[in-house]
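The values are calculated or read from the model by the stated rules, or taken from the named source; none is laboratory data. Remember, it's a predicted structure, so these values are computed and weren't measured experimentally. Counting neighbours? That spans all protein chains shown, and the Cβs are built from the backbone with ideal geometry, glycine included.
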């Protein structure tokens, strides 16, 4: 009976695809799965931030009609609708509605509570769950809306790094020769540079030139300086994969280099890149937070977790100003690092029997 069970298990493991094997191994990692749910939770907060923290009602009955200001705000941002003059001048917090469904946090990240003057007024309370910063902005609303920037900075930065690293790694590993030597030397030059100080220098030089698009400048700079490890990983995998029988057969059948590269070599070389991407997102979040904390990050009007930490300098005795953004940065970076660890273990071919 035992031999029969073992034979069936071996047969099933041999019949499953590599993707199924990776998913099965990943699900065995408890911390990896918990971290994945944390990231899903952060993505949910980022997508529905305007419904979770907003001074405008989600849906309300006003003067005999039903309005949905939050949804209309999306349409206005897309250029599909325009606010009326009355809506532009309306104080959404003091209007008397027939009935209303409001956001759980009745503030936006720009809302300023002018009554929060003393340290006691700005401390966490039933009115401001996480307290306010030194100018009266709600910390909880800032954290909710800052989730969008935290995730977008990590994803966009690593997307730029992936685009550069994967292409250069493919070319270097597949063609070899002087092409490989040239790309390898470029990788060595870039990887030898002090990345963080290079980013600070570039952002400091260009931040006055690109005031409105500074957040995109930070994303681009992080991506343009983070591709080297990805390129080296892809190059190493391509050197291994291109000696496989199916690649040799493809060349013998006369397939073009592009078809071989993107149809056969890349799909079988991408697994280690997923691990590097998870770690890269965490690095992007940390770099942005560090830049904003030092004053080289986003403009003052943009609220990110890092820029919220920057306000600690003006509120030394207000422990809540730095605590909650710090916890969110810690949770996010830890979650992506644990996902990276779980992916690294799941993609290890030595685990496949």
Could you list, in sequence order, the residues of segment 71-108 that are in contact with a strand residue (DSSP E or B) (Cβ under 8 Å, 6 or more places away or on another chain), at pLDDT below 80 and either exposed (fewer than 11 other Cβ atoms within 10 Å of the Cβ) or closer than 28 Å to residue 135 by Cα (or both)?
95
Going through (1) within 18 Å of the chain's Cα centre (by Cα); (2) buried (at least 23 other Cβ atoms within 10 Å of the Cβ); (3) more than 15 Å from residue 215 (Cα to Cα) one by one, residue 163 fails only at (2)
Filter segment 26-57 for residues that are outside any helix (DSSP H, G or I) and in contact with a strand residue (DSSP E or B) (Cβ under 7 Å, 6 or more places away or on another chain); which is modelled with the highest pLDDT?
53
Looking at residue 147, is it under 25 Å from residue 340 (Cβ atoms) and at pLDDT 85 or above?
yes
Within segment 164-177, residues without any contact (Cβ under 8 Å) to a residue 40 or more places away in the chain and closer than 17 Å to residue 284 by Cβ come out as none
Scan segment 303-320 for residues that are within 16 Å of residue 290 (Cβ to Cβ) and either touching a residue at least 40 places away in the same chain (Cβ under 8 Å) or surrounded by 17 or more Cβ atoms within 10 Å (Cβ to Cβ) (or both) and jot them down.
304, 305, 306, 307, 308, 309, 310, 311, 312
Checking residue 324 against (1) at pLDDT below 80; (2) within 14 Å of residue 122 (Cβ to Cβ): exactly one of these is not met. Which one?
(1)
Picking from 200, 158, 230, 164, the residue that is at pLDDT below 85 and at negative phi would be 200
I need a count of the residues in segment 238-272 that are under 23 Å from residue 341 (Cβ atoms) and crowded, with 21+ Cβ neighbours inside 10 Å.
1
